[in-house]
1. Between residue 330 and residue 262, what FRET efficiency follows from the Cβ-Cβ distance if R0 is 30 Å, with the result rounded to 0.05?
2. Rounded, prolate or oblate: pick one for segment 59-170, where a ≥ b ≥ c are the square roots of the eigenvalues of its C-alpha gyration tensor, a/c under 1.5 means rounded, and failing that, prolate if a/b is larger than b/c, else oblate.
3. If you take the Cα Rg of segment 250-400 and divide it by 2.2 N^0.38 Å, with N the number of residues, what do you get?
4. Quick one: order 416, 219 by neighbouring beta-carbon count within 10 Å, fewest to most.
5. Cut-off is 10 Å between beta-carbons; in what order do 242, 657, 21, 397 appear when sorted fewest neighbours first?
6. What's the exposure ranking of 237, 560, going from fewest to most Cβ atoms within 10 Å?
7. Once fully extended, how much extra length lies between residue 394 and residue 17, figured as 0.36 nm per residue of separation less the alpha-carbon to alpha-carbon distance?
8. At 7 Å along the Cα-to-beta-carbon direction for both residue 637 and residue 553, put a label point, then send me their distance in nm to one decimal.
């Protein structure tokens, strides 16, 4: 049984080509998956680094006074700035008498609201025992400040600050004109420093009005111009900074009530403050807190841009005791491009060490009014999303590579492999089915011709088939001519043989035996295309004959056939075997002629007869050269002869072929073997019961 791989041999070229392209496609996909996995690992590491960096940035902002201000005032980012509401400062109080300390405090805390014309900060301190005051600080631009003259009842002649505070159903109104302190410095770069004296606001003219004792205010104007207009120094605008301490009676009274003090006040977000900086006269305010053009200060919601998509920030006050989170922020993906679902699914299945572990950090932020806990939770799914977006954008490159591989495979498959397959199939069909001209006419290779290697090969095979077809046609014609020749020869020989049979037809005439053999030979060959076909198609009539008497007769008449010194050795009595007498005589005669040809001159040929229960063996021995071992079987093939130009000498190499064919048709066998001094042919026939 042939091995399994042997059956794949005709397809190995196709399998090799397709396997190579399949491996190339698989290698491309494997390379893409490997790169994706490495990129996922790198992205995960970058995300961990970015996550820790985000945590550090958020913590740094919250540790800063501006961040603590946002923690103490968590609703600032969601409130409207009109009207203005005071904020809870991370400081106990503000040193409102010192310009630089006030500026540093409000700028560090980040409570300044930016207006087009200036800035404002309204706040309360973190320690209620510093006094229930509301602090107002800000800046504005104006020309040279005009001071209020002492004893002047009309306050509108000077620069002034008007403040209105509304809380718990009560409204407090103050008007604070600017008053100089000391002499004005004549130097241009020298600034102006003064006091804002607070009065209860009752209108434009307040004769006999007395200042509010706990109201404190200061103002400082820079000596340098912010801008210089076309009129020169006349249009010089200078920056002024002021600070106020407002005594709100409701807040101060709450400090001395018997109920437990709550600070900051629970209604801090409902306290409304309106601040205006008015120029001399009836002009529009230089700064108005109710102006819609205001910029919000830093709020906790401003931390959202620091969060990556999916990250969650929670802030809670310690101890939480089951209280809801102070703030929850979640990073929102701003990528409108939607990745491929297939690529996203593949990326999710790529294993990365530590990827499934949750990312979460906690940090405590201490403030004057308690501690807050920062909880930052990472979302590693954003790594998959971001990588999927990038992979989707470049997936066309892998797709283009796979498409190029497929197109190359199709080009080779259609242009080369298919033609090789067709050529192989047709060549195999030729080798299996060539039996005549008709079948060769069905093999058409015209579609495979071309100028490339396969086309040249197909053209050569087509030309070769054409030559074979022509040779077959010539062989067919030659066979027909040979058949006609045998017909003519047989016809011309049969008539003289009939005449000889009439002359020598007596049973006691030895010539009659040879005339019958000649007639049989003519009948065998007559009407047949070739001698080999004639011998193989002969029908013999096997019957019981006395093989001993037959061999004795052959030995006695051998000299008449030109073969001398033929001796019979065997039983003299009857020994019956199944055979046809005339074909058997032809067989023995052919063997004797071969033995006579090779024996030394004067040596004899022995016909030895032996019998067993089922068979009769005739051994024909002669002295002479041995037969080559590889020729012992081939000498019985048609046309095999060791003589050069055997056909010209009348030796066609068919004697032993005829002997083997006749023996087979009589149910016997013939074999040859070498002896020490010659050759022995053994004829084995079936034994028969005597008639």
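1. That pair, residue 330 with residue 262, gives E of 0.40.
2. prolate
3. Values: Rg = 25.2 Å, N = 151, 2.2 N^0.38 = 14.8 Å.
In units of the 2.2 N^0.38 Å rule of thumb, it is 1.70.
4. Listing 416, 219 from fewest to most nearby Cβ atoms yields 416, 219.
5. Placing the least packed residue first, the sequence is 397, 21, 657, 242.
6. Result, fewest neighbours first: 560, 237.
7. 132.8 nm
8. Going by the 7 Å Cα→Cβ label model, 3.6 nm.
Laboratory data are not the source of any read-out in this text; all were calculated from the coordinates shown. All figures in this text were calculated on a predicted structure; none of them were measured in a lab. Here the Cβ is made from the backbone with ideal geometry for all residues, glycine too, and neighbour counts use every protein chain on show.
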